[in-house]
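Visitor: Below is a structure I'd like to ask you about.
The values are calculated or read from the model by the stated rules, or taken from the named source; none is laboratory data. Keep in mind the model is a prediction, meaning the values are calculated, not measured. Using ideal geometry, Cβ is built from the backbone for each residue, glycine included, and neighbour counts are taken over all protein chains shown. Each accessible area value is taken on the protein alone, full model and side chains, heavy atoms only, with ligands, DNA and RNA left out. Shrake-Rupley method; radii C 1.70, N 1.55, O 1.52, S 1.80 Å.
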Amino acid sequence: MDKKYKIITYGCQMNLHESEKMAGMLQQLGYTPTETIEDADLILFNTCCIRENAENHAFGNIGALKQMKKKNPNLIIAVGGCMMQEKGKAETLKEKFPFIDVMFGTLNLEELGALIREKLAGKKRVVRIREKEGEIVEFDGAYRTSYPNAWVNIMYGCNNFCSYCIVPYVRGRERSRKPENIVAEVKRLVAEGYKEITLLGQNVNSYGMDGLGVSFAELLDMIASIEGKFRLRFMTSHPKDFNEDVVKVMQKHRKIMRLVHLPVQSGSNDILKAMNRRYTREKYLAEVEMLRSYFPDAELTTDIIVGFPGETEEDYLLTEDLVKKADFASAFTFIYSKRQGTKAAEMENQIPEDVQKDRIMRLVELVNSLTRAKSEKYIGKEVEILCEGYDEKKGLYLGRDEYGRMGYFASDRDEVGNFVRLKITKANGISLYGELLSSENE
Ligand code: SAH
Ligand code: SF4
Ligand code: F3S
């Protein structure tokens, strides 16, 4: 009988794509995907530990499988991802959930197939976690589920050690993939029909700085020169080394989306310093200005943390002020979460929860009002959307334009993967609604 797997993913795009790789590895073992947990012979959790609530979610959901495992002892439960690389976490999980069969980390992802085979061969529990990163292992068997977009890693790890962040501890140091491997992968994806390529790295601007001799701007130029109709975007840029070279390459190629995700984290220089971000609000705003001097309507998105240790009301208001000045299209806003082992966890002046909550509510309100005002301006305009899916609830197709704005529209045939032209008729928060003018397949 055919065996089925279900992967439950937490965290960022990096993890989403790694789940696609894990899925590919499971399929090589003969497993096929299922959407329903109850049908699965193997359930795999790809965990995240960026904030405490990400961990709590995973803990809750893994714990809930205890009964299922009791009923069906043949069910394999595997846990991988960032949480497994955290000091002491694997031990905690082992004790708390003795029914987990396989444990592995982000630094030995490629071993998943071998570990599952060991389990199937009769081993009670297989735990293998690497402490230090090794050479990059290329794997081209990912089972992709994000068509028409395809994720492509350009680098792994992070060297920045922002004082609040756990990523450098669980992902190891920066390693860049060889440009020829990246270019070959993108060529293959474009030939297979993918219409949007998203380059992934914790800090794409430091691509190649580990001695490859190719900069991020050069890599971007090489990839954007690949023939075929597709869009190119990249994340995440770090303001400490986002530069004009990259923007010049954007200008050279229409394929590169007019959208930059540039996490600012805070608008206060004192807090940026305590966060070890290595730029000032002035430098950040100068970069925004530089970008908009090339593309006046370029859209900018960001990440912001409120309630970092020592953040005063004045610091917070500087963040509000920067948000207004940078005129973000949207922002991911987070309450600071204390992570064991990071510098910020040791800092005095941790901010009380009620103050954090009050600040995040005010910030979300501000960001939403800016987004709404921005969206209104698109009414009456024509945009080109790459259709990426169908929203069952709304009964509408959805996709994004080259500025990353979400647009919904009706059509009586399958438009997923098509470039379509819309006339925007309505705006609602971050989303635009439009009338279909034409579709590339007509
Ligand atoms: N490498 C990227 C983002 C990685 S994590 C970058 O440097 O921007 C994504 C976002 O999570 C971060 O931008 C930050 O805003 C948020 N984040 C990271 N650690 C956090 C913490 N301890 N508490 C709250 N938010 C955090
Ligand atoms: Fe974390 Fe900073 Fe690295 Fe981003 S750049 S992953 S926030 S340490
Ligand atoms: Fe991503 Fe979470 Fe790991 S944000 S890198 S999955 S800790």
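Visitor: Please go through the stretch 233-254 and pick out each residue that is in contact (Cβ under 8 Å) with a residue 24 or more places away in the chain and either out of contact with any Leu (no Cβ under 7 Å at 6 or more places or on another chain) or surrounded by fewer than 19 Cβ atoms within 10 Å (Cβ to Cβ) (or both). Before the answer, list the steps.
Guide: Initial filter on the stretch 233-254 (in contact (Cβ under 8 Å) with a residue 24 or more places away in the chain): 233-253.
Across the stretch 233-254, the qualifying residues are Thr236, His238, Lys240, Asp241, Asn243, Glu244, Asp245, Lys248, Met250, Gln251, Lys252, His253.
Visitor: Let me ask something else. Would the stretch 259-271 turn up any residue that is more than 16 Å from ligand 3 (Cβ to nearest atom), of a type in the set (A, V, I, L, M, F, W, C), modelled with pLDDT under 95 and in contact with a strand residue (DSSP E or B) (Cβ under 6 Å, 6 or more places away or on another chain)?
Guide: First pass over the stretch 259-271, keeping only residues more than 16 Å from ligand 3 (Cβ to nearest atom): 259-260, 262, 264, 266-271.
Adding the requirement that they be of a type in the set (A, V, I, L, M, F, W, C) leaves 259-260, 262, 264, 271.
After this cut, where a residue has to be modelled with pLDDT under 95 as well, the list is none.
Scanning the stretch 259-271 turns up no residue that is more than 16 Å from ligand 3 (Cβ to nearest atom), of a type in the set (A, V, I, L, M, F, W, C), modelled with pLDDT under 95 and in contact with a strand residue (DSSP E or B) (Cβ under 6 Å, 6 or more places away or on another chain).
Visitor: Right, another one. Picking from Arg188, Arg175, Arg171, Arg144, which residue would you name as being open to solvent by 10 Å² or more (accessible area, probe 1.4 Å), within 12 Å of ligand 1 (Cβ to nearest atom) and among the charged types (D, E, K, R)?
Guide: Working: Arg188 fails: within 12 Å of ligand 1 (Cβ to nearest atom); Arg175 fails: within 12 Å of ligand 1 (Cβ to nearest atom); Arg144 fails: within 12 Å of ligand 1 (Cβ to nearest atom).
Sole residue among the options that is open to solvent by 10 Å² or more (accessible area, probe 1.4 Å), within 12 Å of ligand 1 (Cβ to nearest atom) and among the charged types (D, E, K, R): Arg171.
Visitor: Continuing with this model, one more query. Residue check, Ile226 against (1) within 22 Å of the chain's Cα centre (by Cα); (2) open to solvent by less than 30 Å² (accessible area, probe 1.4 Å); (3) farther than 27 Å from Arg278 by Cβ, all met but one. Which one?
Guide: Among (1) within 22 Å of the chain's Cα centre (by Cα); (2) open to solvent by less than 30 Å² (accessible area, probe 1.4 Å); (3) farther than 27 Å from Arg278 by Cβ, the lone unmet condition for Ile226 is (1).
Visitor: Determine which single condition Arg117 fails, assuming it passes every other condition in (1) out of contact with any Leu (no Cβ under 8 Å at 6 or more places or on another chain); (2) in the same structural domain as Gln67 (by TED's automatic domain parsing); (3) open to solvent by 70 Å² or more (accessible area, probe 1.4 Å).
Guide: Only one criterion is unmet by Arg117, namely (1).
Visitor: What's the total number of residues in the stretch 33-68 that are open to solvent by 50 Å² or more (accessible area, probe 1.4 Å) and of a type in the set (Val, Ile, Thr)?
Guide: Within the stretch 33-68, residues that are open to solvent by 50 Å² or more (accessible area, probe 1.4 Å) and of a type in the set (Val, Ile, Thr) number 2.
Visitor: Looking at (1) open to solvent by less than 10 Å² (accessible area, probe 1.4 Å); (2) in contact (Cβ under 8 Å) with a residue 40 or more places away in the chain; (3) farther than 16 Å from His17 by Cβ; (4) within 14 Å of ligand 2 (Cβ to nearest atom), which is the only condition Met155 fails?
Guide: Every condition holds for Met155 apart from (3).
Visitor: So which of Phe332, Phe295 is under 25 Å from Asp401 (Cα atoms), open to solvent by 40 Å² or more (accessible area, probe 1.4 Å) and either out of contact with any Ser or Thr (no Cβ under 7 Å at 6 or more places or on another chain) or in the same structural domain as Asn243 (by TED's automatic domain parsing) (or both)?
Guide: Phe332
Visitor: Separate question: Of all residues in the stretch 121-141 being touching a residue at least 24 places away in the same chain (Cβ under 8 Å), open to solvent by 10 Å² or more (accessible area, probe 1.4 Å) and aliphatic (A, V, I, L, M), which is farthest from ligand 1 (Cβ to nearest atom)?
Guide: Among those residues, the one meeting the criterion is Val127.
Visitor: Which ones in the stretch 343-388 are part of a helix (DSSP H, G or I), open to solvent by less than 20 Å² (accessible area, probe 1.4 Å), away from ligand 2 (no atom under 16 Å from the Cβ) and not charged (D, E, K, R)?
Guide: Gln356, Leu363, Val367, Thr371, Ser375
Visitor: Also, I was wondering about something else. Given the condition in contact with a helix residue (DSSP H, G or I) (Cβ under 9 Å, 6 or more places away or on another chain) and assigned to a helix (DSSP H, G or I), answer yes or no: does some residue in the stretch 227-245 qualify?
Guide: Applying the first criterion (in contact with a helix residue (DSSP H, G or I) (Cβ under 9 Å, 6 or more places away or on another chain)) to the stretch 227-245 yields 227-230, 232, 234-245.
Now restrict to residues that are assigned to a helix (DSSP H, G or I): 244-245.
Yes.
Visitor: Among the residues of the stretch 191-219, write down those that are of a type outside the set (Phe, Trp, Tyr), part of a loop (DSSP other than H, G, I, E, B) and either surrounded by fewer than 21 Cβ atoms within 10 Å (Cβ to Cβ) or away from ligand 1 (no atom under 16 Å from the Cβ) (or both).
Guide: Gly193, Lys195, Gly208, Met209, Asp210, Gly211, Leu212, Gly213, Val214, Ser215, listed by residue number.
Visitor: Answer yes if at least one residue in the stretch 3-11 is modelled with pLDDT of 95 or more, open to solvent by less than 50 Å² (accessible area, probe 1.4 Å) and more than 29 Å from Leu199 (Cβ to Cβ), and no otherwise.
Guide: Among the residues of the stretch 3-11, not one is modelled with pLDDT of 95 or more, open to solvent by less than 50 Å² (accessible area, probe 1.4 Å) and more than 29 Å from Leu199 (Cβ to Cβ), which makes the answer no.
Visitor: Against the conditions (1) within 26 Å of Leu232 (Cα to Cα); (2) in contact with a Phe, Trp or Tyr (Cβ under 7 Å, 6 or more places away or on another chain); (3) away from ligand 2 (no atom under 16 Å from the Cβ), where does Arg171 fall short? Just the number, please.
Guide: The number of the failed condition is (3).
Visitor: Give the residue, chosen from Asn56, Asn61, Asn15, Asn74, that is of a type outside the set (Gly, Ala, Ser) and assigned to a loop (DSSP other than H, G, I, E, B).
Guide: Values: Asn56 fails: assigned to a loop (DSSP other than H, G, I, E, B); Asn61 fails: assigned to a loop (DSSP other than H, G, I, E, B); Asn15 fails: assigned to a loop (DSSP other than H, G, I, E, B).
When all the criteria are applied, what remains is Asn74.
Visitor: Give the residues of the stretch 99-114 that are open to solvent by less than 20 Å² (accessible area, probe 1.4 Å) and either of a type in the set (Gly, Ala, Ser) or not assigned by TED's automatic domain parsing to the domain that holds Leu65 (or both), sorted by residue number.
Guide: Scanning the stretch 99-114 gives Gly105, Gly113.
Visitor: Going by the conditions given, is Glu131 away from ligand 3 (no atom under 14 Å from the Cβ) and assigned to a helix (DSSP H, G or I)?
Guide: No.
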